[in-house]
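A short write-up of the structure that comes next.
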Amino acid sequence: MKISIGLDAKQIKDNVKALSVLLADEHILYTKTRNAHWNVEGADFHAMHIFFESQYNEVEEIIDEVAERIRQLGQVAPGSLKDFVQLTRLSEKKLSKNDSQSFIKALLEDQESVISYIRQVVAKMDDSKDFGTEDFLVGLLEKHEKMAWMLRAHL
């Protein structure tokens, strides 16, 4: 069903495209954080195992929220691994060690990339009048800034 929420089709299309890229990035970040949770090794294993679990749980919530925002705009959210790999801006790097510091540095780099991307998208939205998506993204920005701070605090 066509929605009538005061946004034209181009605005919706542009905003959904940006949200779809973000959704893909969130999925990759989630997978990389799960990997850290599963594979971290070292004297700090237990504490880091729990820490990474808290981070992936946060990202998992964000994934659902981004997909639901796309649906609120009347579009279908990408939902396959193939879609996510094609849309993501993040890359997977094989770490040389499975220690917490290596995982933290890699995840922090991804968090900062997501933060920068959200800032860019919000900056471009000034003229779109899509205040709901803009507000939503600012909220996500704050969540990612907090997760990045938590990672940074471990370095």
* To do: Filter the stretch 139-152 for residues that are open to solvent by less than 70 Å² (accessible area, probe 1.4 Å) and either free of Cβ contacts under 8 Å to residues at least 12 places away in the same chain or over 16 Å from the mean Cα position of the chain (by Cα) (or both) and give the result.
  => Gly139
* Asked: Out of the residues in the stretch 19-57 that are among the hydrophobic types (A, V, I, L, M, F, W, C) and within 12 Å of the chain's Cα centre (by Cα), which is surrounded by the fewest Cβ atoms within 10 Å (Cβ to Cβ)?
  -> Val21
* Residue satisfying all of: in the stretch 73-95; among the hydrophobic types (A, V, I, L, M, F, W, C) and in contact (Cβ under 8 Å) with a residue 60 or more places away in the chain; surrounded by the fewest Cβ atoms within 10 Å (Cβ to Cβ) among these -> Val85
* To do: Please state which of the following conditions Asp110 fails to meet, knowing it meets all the rest: (1) touching a Leu at 6+ places or on another chain (Cβ under 6 Å); (2) within 30 Å of Ile3 (Cβ to Cβ).
  => (2)
* Going by the conditions given, is Asp25 of a type outside the set (S, T, N, Q), touching a Ser or Thr at 6+ places or on another chain (Cβ under 6 Å) and closer than 21 Å to His154 by Cβ? -> no
* Asked: Taking into account only those residues within the stretch 96-138 that are surrounded by 16 or more Cβ atoms within 10 Å (Cβ to Cβ) and in a loop (DSSP other than H, G, I, E, B), which is modelled with the highest pLDDT?
  -> Asp130
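The values are calculated or read from the model by the stated rules, or taken from the named source; none is laboratory data. Because the structure is predicted, anything quoted here is derived from the model rather than measured. We place every Cβ from the backbone using ideal geometry, glycine too, and count neighbours over all the protein chains shown. The area values use the complete protein model at the heavy-atom level, side chains included, leaving out ligands, DNA and RNA. Shrake-Rupley method; radii C 1.70, N 1.55, O 1.52, S 1.80 Å.
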